[in-house]
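This report refers to the structure that appears directly beneath it.
The values are calculated or read from the model by the stated rules, or taken from the named source; none is laboratory data. Everything numeric in this text was worked out from a predicted model, so none of it was measured. So basically every Cβ, Gly included, is an ideal-geometry build from the backbone, and we count neighbours across all protein chains shown.
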Amino acid sequence: MASQDAKGIADALLNLDMDATVNQVKSVIHGGSDISLEDAVRALTTALETIGKRFQDGEWFIGELVYAGEIAKAAMDLLTPRLAAGATRRLGTIVVGTVAGDLHDLGKNIFISYATAAGFDIVDLGVDVPVQKFIDAARKRQPLAVGMSCLLTVTAGQVGEVIAALKHAGLRDSVKVIIGGAAMTQGFAEEVGADAFAPDAVTGTETLKGWSA
Ligand code: B12
């Protein structure tokens with residue numbers, strides 16, 4: 001990664017500078033930078049992780065966190081369609097959403113960008129997704145996998161409910177389930193019968209590639 005340009009994007013997000021972040025991402029898209037689209041996503045991911053830590057350490061407050069999320073979303077909205085256009089092979093469809101009661105979407109969106117870049121077609125159900133919406137999408141789109149994001153321990157039960165509903169609908173045998181987010185662990189995935197837990201977007205995308213092969 002040409003570190004200066006990547007650092008520029010990460011710094012712009014860390015400085016909560018919407019214009020600078022968006023302009024630098026546009027420059028990457030239009031070939032005015034030495035770094036790739038994927039490097040830009042990596043830079044945004046690194047900055048978001050730092051921002052998460054600052055919040056947990058009490059250095060940053062909720063207003064800053066929300067605005068950082070808006071900036072990251074604006075940048076990802078520019079990058080994701082380009083990443084899709086650059087993917088050469090179509091690897092399958094993935095239905096993705098953040099479970100009911102949970103509004104966190106930064107990690108889900110990062111995962112979507114990585115999976116899109118790899119060649120997956122994403123059906124993004126958004127945040128606060130009710131169980132039935134996952135089931136309806138799985139029935140209609142017949143995806144390779146359903147991906148759930150969950151960051152709150154109080155909403156973790158939703159993951160098991162979606163898996164149970166997939167079984168009840170007769171869909172579980174034809175669809176893989178992958179989960180991620182701060183409230184998820186490998187042990188939890190095993191407990192609720194998910195096929196995989198992804199600690200990060202890169203690992204999640206690699207797991208999907210394995211299923212697609
Ligand atoms: C940013 C943030 C927010 C933002 C969310 C902005 C947004 N648009 O998403 C705001 C300020 C809105 C927010 C609100 C709240 N938050 Co909050 N938030 C965070 C924080 C600091 C960072 C999360 C984040 O975006 N990280 C950066 C991304 C890139 O990383 P990530 O989410 O881990 O995603 C990566 C992987 O996990 C994985 N991944 C994630 N999802 C998926 C899905 C799939 C399918 C795959 C394959 C991979 C994958 O790939 C991603 C990229 O590598 C976390 C702390 C933490 N440790 O997670 C708390 C945290 C999750 N929040 C917490 C809480 C309590 C709340 C609130 C209840 C606060 C409140 N009192 O109002 C509300 C909840 C509102 C709701 N109903 O959802 C707690 C949860 C505690 C718990 N155990 O339940 C945490 C852990 C903070 C803490 N330690 O207290 N939050």
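Can you name every residue in region 53-69 that is in contact (Cβ under 8 Å) with a residue 12 or more places away in the chain and within 8 Å of the ligand (Cβ to nearest atom)? Within region 53-69, LEU65, ALA68, GLY69 meet the criteria.
The set of residues from region 188-202 being at pLDDT 95 or above, assigned to a helix (DSSP H, G or I) and within 15 Å of the ligand (Cβ to nearest atom) comprises PHE188, ALA189, VAL192. Of all the residues in region 32-52, those that are of a type in the set (Ser, Thr, Tyr), more than 9 Å from the ligand (Cβ to nearest atom) and crowded, with 18+ Cβ neighbours inside 10 Å number 1.
Which of the residues that make up region 118-131 are away from the ligand (no atom under 13 Å from the Cβ) and touching a helix residue (DSSP H, G or I) at 6+ places or on another chain (Cβ under 7 Å)? Show your work before the answer.
So in region 118-131, the residues away from the ligand (no atom under 13 Å from the Cβ) come out as 119, 121, 130-131.
Hit for region 118-131 is VAL131, nothing else.
Look through region 85-106, keep the residues that are in a loop (DSSP other than H, G, I, E, B) and near the ligand (Cβ under 9 Å from one of its atoms), and return whichever of them is surrounded by the most Cβ atoms within 10 Å (Cβ to Cβ). For region 85-106, the residue satisfying everything is ASP102.
Give the residue, chosen from VAL131, VAL146, VAL127, that is within 18 Å of GLY193 (Cβ to Cβ) and either in contact with a Lys or Arg (Cβ under 9 Å, 6 or more places away or on another chain) or of a type in the set (Ser, Thr, Tyr) (or both). Steps first, answer last, please.
Values: VAL131 fails: either in contact with a Lys or Arg (Cβ under 9 Å, 6 or more places away or on another chain) or of a type in the set (Ser, Thr, Tyr) (or both); VAL127 fails: within 18 Å of GLY193 (Cβ to Cβ).
Just a single option satisfies the conditions, and that option is VAL146.
Return yes when LEU152 is within 11 Å of the ligand (Cβ to nearest atom), surrounded by fewer than 14 Cβ atoms within 10 Å (Cβ to Cβ), free of Cβ contacts under 8 Å to residues at least 60 places away in the same chain and hydrophobic (A, V, I, L, M, F, W, C) and no when it is not.
In short, no.
Conditions (1) in a helix (DSSP H, G or I); (2) within 11 Å of the ligand (Cβ to nearest atom); (3) closer than 17 Å to VAL99 by Cβ, marked per residue:
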{"position": "THR116", "(1), (2), (3)": "yes, no, no"}
{"position": "LYS133", "(1), (2), (3)": "yes, no, yes"}
{"position": "LYS140", "(1), (2), (3)": "yes, no, no"}
{"position": "GLN158", "(1), (2), (3)": "yes, no, yes"}
{"position": "ALA165", "(1), (2), (3)": "yes, no, yes"}
{"position": "VAL177", "(1), (2), (3)": "no, yes, yes"}
{"position": "GLY210", "(1), (2), (3)": "yes, no, no"}
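ASP11 meets the stated requirement of being among the acidic types (Asp, Glu) and surrounded by 13 or more Cβ atoms within 10 Å (Cβ to Cβ).
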